[in-house]
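Everything on this sheet refers to the single structure shown next.
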Amino acid sequence: MFQYRSSFRAAALILAAALVSPALLAQSSAPPAATQDSSGTAGQLDQAPAQKSPSDRAQVLRDAQARVNARRRIREQQIEQDTYSHKYELYAGGGYLRFRPGHNLQHNTEAAWNAGITEWVRPKIGVTGDFRGYYGTAITDNFEFGVFKPAISEYTFMAGPQYRFYQSQHWEWNAQLLAGISHGNFSTGLGSLTGAPVGLYPDGNKLAVSVGAAVNYNLGPSLAVRLMPNYLLNNFGGDFQQNLGFTVGLLYRWGRQ
């Protein structure tokens, strides 16, 4: 009798467990109920971020571009300061000149070399020493002495002020006014003759004045390409030769003011 009662109790416990377990599982897996705030409305656990209007996005882009432009201007100003704070400049190169070698002779073409050094005593004012050599062939067509195309040369030694009137990261413009001595060799290709019988100026030292405007393109703070059209005035033989030409070459900067 006792055994039947024990079996019955065990079967009842198993049946009760089978009925209770699904209810517990359903309760544990149910989503939490929405909470309500003090006003009685249901709160949300997560809210999506507010969307920006097109005008707001455009303003953000404008602000970003303004910051980029400001950084670029600061960088350019730093490069300019680094470039034009040098105290000394050395330039060298070649050139071209149209020169009249005698009273009644036509202009001839001369090739040139050019070198100079500048010390900047002020940010925009410098003192320049300049040296040039010009080499060409005079067209004399002198049948009496049999002289037709003798070689001639001139050398100038000048100094004067230089003024920088424009500067930027890439470009520099300056002007110079130089004066000094010009030495002419007009009889070197004549053998025993002098220049006068064939219409050339006599050899000697005369006045030289040069006015030029240089354009420099900066390859870096210390190096630039230099082009300078110039006007050269001489007075060989008592005449004033007004000659036009140019020089081109490289410019190197060093030292600090």
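The values are calculated or read from the model by the stated rules, or taken from the named source; none is laboratory data. Every value quoted in this text rests on a predicted model; they were computed, and no experiment measured them. With ideal geometry, Cβ positions are generated from the backbone for all residues, glycine too; neighbour counts draw on all protein chains shown.
Do any residues in segment 99-120 that are within 18 Å of ALA208 (Cβ to Cβ) have Cβ atoms under 6 Å from those of residues that are of a type in the set (Lys, Arg) and in a strand (DSSP E or B), where the two are at least six apart or on different chains, and which pairs are they?
Note: pairs meeting the criteria are HIS107/ARG98; ALA112/ARG132; ASN114/ARG132.
What are the residues in segment 178-192 that are surrounded by fewer than 19 Cβ atoms within 10 Å (Cβ to Cβ) and at pLDDT 90 or above, if any?
ALA179, GLY180, ILE181, HIS183, ASN185, listed by residue number.
Answer with yes or no whether GLY191 is without any contact (Cβ under 8 Å) to a residue 40 or more places away in the chain and at positive phi.
Working: without any contact (Cβ under 8 Å) to a residue 40 or more places away in the chain: yes; at positive phi: yes.
Yes, satisfied.
Would you check which residues across segment 85-121 are of a type in the set (D, E, K, R) and buried (at least 18 other Cβ atoms within 10 Å of the Cβ) and list them? Break it down stepwise before answering.
Within segment 85-121, the subset of a type in the set (D, E, K, R) is 87, 89, 98, 100, 110, 119.
Matches in segment 85-121: GLU89, ARG100, GLU110.
Restrict the check to segment 63-84 and report whether at least one residue is surrounded by 14 or more Cβ atoms within 10 Å (Cβ to Cβ) and touching a Phe, Trp or Tyr at 6+ places or on another chain (Cβ under 9 Å). Even if it seems obvious, please write down each step before you answer.
Taking segment 63-84 first, the residues surrounded by 14 or more Cβ atoms within 10 Å (Cβ to Cβ) are 79-80, 82-84.
With touching a Phe, Trp or Tyr at 6+ places or on another chain (Cβ under 9 Å) added as a condition, the list becomes 84.
For segment 63-84, residues surrounded by 14 or more Cβ atoms within 10 Å (Cβ to Cβ) and touching a Phe, Trp or Tyr at 6+ places or on another chain (Cβ under 9 Å): present.
If you take the residues of segment 241-257 that are aromatic (Phe, Trp, Tyr) and surrounded by 13 or more Cβ atoms within 10 Å (Cβ to Cβ), which of them is nearest to ALA175 (Cα to Cα)?
As a first pass, look at segment 241-257 and keep what is aromatic (Phe, Trp, Tyr): 246, 252, 254.
Remaining after also requiring surrounded by 13 or more Cβ atoms within 10 Å (Cβ to Cβ): 246, 252.
Numbers: PHE246: 13, TYR252: 17 Å.
Among those that are aromatic (Phe, Trp, Tyr) and surrounded by 13 or more Cβ atoms within 10 Å (Cβ to Cβ), it is PHE246.
Quickly run through segment 209-249 and pick out the residues that are within 23 Å of VAL121 (Cβ to Cβ) and of a type in the set (A, V, I, L, M, F, W, C).
Within segment 209-249, VAL209, VAL211, ALA213, ALA214, VAL215, LEU223, ALA224, MET228 qualify.
Could you go through segment 196-210 and let me know if any residue there is within 19 Å of TRP113 (Cα to Cα), crowded, with 16+ Cβ neighbours inside 10 Å and within 32 Å of the chain's Cα centre (by Cα).
yes
If you check ARG226 against the conditions, is it crowded, with 20+ Cβ neighbours inside 10 Å and among the charged types (D, E, K, R)? Please lay out each step first, then the result.
Working: crowded, with 20+ Cβ neighbours inside 10 Å: yes; among the charged types (D, E, K, R): yes.
Yes; evaluated as a whole, the condition is true for this residue.
Looking at this structure, is ASN218 over 17 Å from GLN162 (Cα atoms), more than 21 Å from the chain's Cα centre (by Cα) and polar (S, T, N, Q)? Break it down into steps so the answer makes sense when it comes.
Numbers: over 17 Å from GLN162 (Cα atoms): yes; more than 21 Å from the chain's Cα centre (by Cα): no; polar (S, T, N, Q): yes.
Against the criterion (over 17 Å from GLN162 (Cα atoms), more than 21 Å from the chain's Cα centre (by Cα) and polar (S, T, N, Q)), ASN218 does not qualify.
Output the residues belonging to segment 180-233 that are farther than 18 Å from LEU251 by Cα, assigned to a strand (DSSP E or B) and either aliphatic (A, V, I, L, M) or touching a helix residue (DSSP H, G or I) at 6+ places or on another chain (Cβ under 6 Å) (or both). If you could, list the steps in order and put the result at the bottom.
Filtering segment 180-233 for residues farther than 18 Å from LEU251 by Cα gives 180-211, 231-233.
Then drop every residue that is not assigned to a strand (DSSP E or B), which leaves 180-185, 204-211, 231-233.
If the condition is that a residue be farther than 18 Å from LEU251 by Cα, assigned to a strand (DSSP E or B) and either aliphatic (A, V, I, L, M) or touching a helix residue (DSSP H, G or I) at 6+ places or on another chain (Cβ under 6 Å) (or both), then ILE181, GLY184, LYS206, LEU207, ALA208, VAL209, VAL211, LEU232, LEU233 are the ones that fit.
I'd like to verify a number: residues in segment 143-174 that are at pLDDT below 95, surrounded by fewer than 17 Cβ atoms within 10 Å (Cβ to Cβ), within 24 Å of ASN234 (Cα to Cα) and of a type outside the set (A, V, I, L, M, F, W, C), how many?
1
Could you list, in sequence order, all residues of segment 217-240 that are under 22 Å from GLN106 (Cβ atoms), out of contact with any Ser or Thr (no Cβ under 9 Å at 6 or more places or on another chain) and in contact (Cβ under 8 Å) with a residue 24 or more places away in the chain?
GLY237, ASP239
Can you tell which of ALA208, ALA196, ALA214 is of a type in the set (A, V, I, L, M) and farther than 29 Å from ASN104 by Cα?
Values: ALA208 fails: farther than 29 Å from ASN104 by Cα; ALA196 fails: farther than 29 Å from ASN104 by Cα.
Exactly one of ALA208, ALA196, ALA214 is of a type in the set (A, V, I, L, M) and farther than 29 Å from ASN104 by Cα, namely ALA214.
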